[in-house]
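> Below you'll find the structure I mean.
The values are calculated or read from the model by the stated rules, or taken from the named source; none is laboratory data. Being a predicted model, the structure only gives us computed values, none of them experimental. A quick note on method: Cβ atoms are made from the backbone with ideal geometry, for glycine too, and the neighbour counts reach across all protein chains shown.
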Amino acid sequence: MSPVPRFAAAAFGAALQGADGLAELAAESARRAGRGASAAAAVADRAYRDAVRRGDRAARQCAAHTARQAQAAADVSARWLDREVVRRVAASMTPYLVEELVPTVIEGVLPLIRSRVVPLIVADLAEDEQIREMIAQQSRGMAAWTVGEVRKVSTAADDRVELAARRVLRRRRPTDAGD
């Protein structure tokens with residue numbers, strides 16, 4: 001504890017003791033004096049209330065100072081914990097997490113994902129109009145490409161058949177002319 005809070009605590013205690021003493025003195029004076037007792041009691045009461053206010057102010061300042069000191073100590077401790085302890089624990093746990101824990105969790109969860117989540121995703125995608133339109137466009141594009149490829153192949157095949165037929169017909173003509 002720093003000297004300021006100790007001093008404040010001592011001052012607070014002394015003020016309260018002084019106020020109590022003044023109150024007792026005023027009460028005793030009032031009993032003995034008879035006359036003028038109310039004036040002495042009023043003075044003692046004011047002195048007592050002033051002492052209480054000063055003591056309360058000192059106690060609040062002491063509490064605020066103590067709270068600031070405690071917060072500063074907690075901040076220092078938290079930074080040290082983060083720097084020295086948490087990072088080391090995390091670094092030492094990483095291989096275990098990566099090599100053992102996470103794969104085990106994934107292996108345990110994957111069947112549930114396959115049985116429960118994937119069917120929902122597929123159903124959702126199947127009902128989506130944008131997805132249906134994209135599939136239709138892709139199908140039309142695939143059909144157009146297939147037709148184009150069939151045309152190329154059939155055109156090339158037609159050309160080959162025609163060429164072969166001409167060759168055959170040319171060869172036969174000279175023999176037919178000789179008959």
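> Which pairs do you get when a residue that is of a type in the set (Val, Ile, Thr), found in the range 90-117, comes within reach of a residue that is surrounded by 10 or more Cβ atoms within 10 Å (Cβ to Cβ), reach meaning Cβ atoms under 8 angstrom, with the pair 6+ apart or on two chains?
As it stands, the answer is none, since no pair meets every condition given.
> Follow-up question, since we're still on this one. Taking interchain pairs and intrachain pairs at least six residues apart, which have beta carbon atoms under 6 angstrom, with the first residue in the range 42-69 and in the same structural domain as ALA15 (by TED's automatic domain parsing) and the second aromatic (Phe, Trp, Tyr) and surrounded by 13 or more Cβ atoms within 10 Å (Cβ to Cβ)?
GLY55/PHE12; ALA58/PHE12; ALA59/PHE12
> Residue under question is ARG35, and the condition is that it be in a helix (DSSP H, G or I) and either out of contact with any strand residue (DSSP E or B) (no Cβ under 7 Å at 6 or more places or on another chain) or at pLDDT below 75 (or both); does it hold?
Against the criterion (in a helix (DSSP H, G or I) and either out of contact with any strand residue (DSSP E or B) (no Cβ under 7 Å at 6 or more places or on another chain) or at pLDDT below 75 (or both)), ARG35 does not qualify.
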